[in-house]
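This report concerns only the one structure given below.
The values are calculated or read from the model by the stated rules, or taken from the named source; none is laboratory data. Just so we're clear, the structure is a prediction, and the values are computed from it rather than from any experiment. Here Cβ is always computed from backbone atoms with ideal geometry, including for glycine, and neighbour counts include all displayed protein chains. The protein model used for the area step is the full one, side chains on, heavy atoms only, and it has no ligands, DNA or RNA in it. Shrake-Rupley method; radii C 1.70, N 1.55, O 1.52, S 1.80 Å.
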Amino acid sequence: KGSDLVEEKTDAEKTTADKTDPAVPAKTKVANKANLNDDEKAAVKKAIEDANKDKFPEGTTVEVGADGTATITYPDKSKDTIKGSDLVEEKTDAEKTTA
């Protein structure tokens, strides 16, 4: 039986990633969700940090890739990932055009 082969980690064995369920902020509107520019990456990073300011331990880093996927690295080197499709959405043509 599977229960004979596996057991849940004790709290002491759990990594920060095991214990932390990062909050996903509202989607950030970007010009091209397959290729974010540096300003858009910074906006996504700030949104994640703001949404999780009470959850993330000090020393946690957030890195945002070109497709908006965020990798959260905790001080114990464990990681969580939030898919870009959960974090960014493409601007409409009207939003891309500035008056």
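Tabulated data for the structure shown
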item: 222 nm mean residue ellipticity, helices alone, for the chain (DSSP H n ≥ 4; -39,500 (n - 2.57); rounded to 500); result: -7000 deg cm²/dmol
item: For the chain, accessible area per residue (1.4 Å probe, heavy atoms of protein chains only), Å²; result: 69 Å²
item: Rounded to 5, percent antiparallel among DSSP beta bridges of the chain; result: 75 percent
item: Lys/Arg +1, Asp/Glu -1 at C-beta; the chain dipole; positive extreme among THR92, THR10, ASN35; result: THR92
item: Built amide H within the under 5 Å cut-off of ASN52, gap 5+; result: none
item: Accessible area of the chain belonging to carbon and sulfur atoms, whole % at 1.4 Å probe; result: 46 percent
item: Matching label, Cα Rg over 2.2 N^0.38 Å computed from the structure shown, candidates (1) 1.12; (2) 1.34; (3) 1.03; result: (2)
